[in-house]
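Accompanying notes for the structure given below.
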């Protein structure tokens, strides 16, 4: 103890600064290394650097030894859609029609996106104007769904969302293909189709544009005698 007191007593202020500076340099040299995955010497690393477990690996900290943990019951992750409160029953369908409303504003951007999504996921059954004359209906694969501007012209948006979520009759669920906001955007576009007027397309109206365009040309090629009789 006497030796240390006498040693520091003989140190001048300048010598003490040099001494501490030298200690700092030595500490930095010892603490550094060239290994990319080695941080060198750390002061009390257990206080801030916890052990990490790889995904799907065993974890001794839990009774079931699973590293992957389930979310706490009743919690919702950030940016996760809110749970759908209406059950997949007739009662849930009717309740959704009365209580469920779109959270999205009616904007040109939402409408344009709804039209784009409709043409990807819905047009093959419901047709470009929602009259039930989509391509697979015209090919005789499925019966025509009701027209949005006919029997479904007063269908509430809540029932539409319920149907897209769970599916109804021949229509399957689209919950795995469309996020909740995307479903509402499609519904926003469908509401414009509800105002078009008309009913389910007849069989004659399922002719393609190519067939319609060819009709005048075929008439022009008809024999002159046939045209004369029509006069």
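Derivation of every value follows stated rules applied to the coordinates shown; laboratory data play no part. Please read all numbers here as calculations on a predicted model, not as lab measurements. Virtual Cβ from ideal backbone geometry, glycine too; neighbours counted across all protein chains shown.
Below is a table of values for the structure above.
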{"read-out": "Unmet criterion (only one of (1) over 24 Å from the mean Cα position of the chain (by Cα); (2) without any contact (Cβ under 8 Å) to a residue 12 or more places away in the chain; (3) part of a helix (DSSP H, G or I)) for residue 116", "value": "(1)"}
{"read-out": "Selection within segment 126-156 - within 27 Å of the chain's Cα centre (by Cα), crowded, with 19+ Cβ neighbours inside 10 Å and not in a loop (DSSP other than H, G, I, E, B)", "value": "126"}
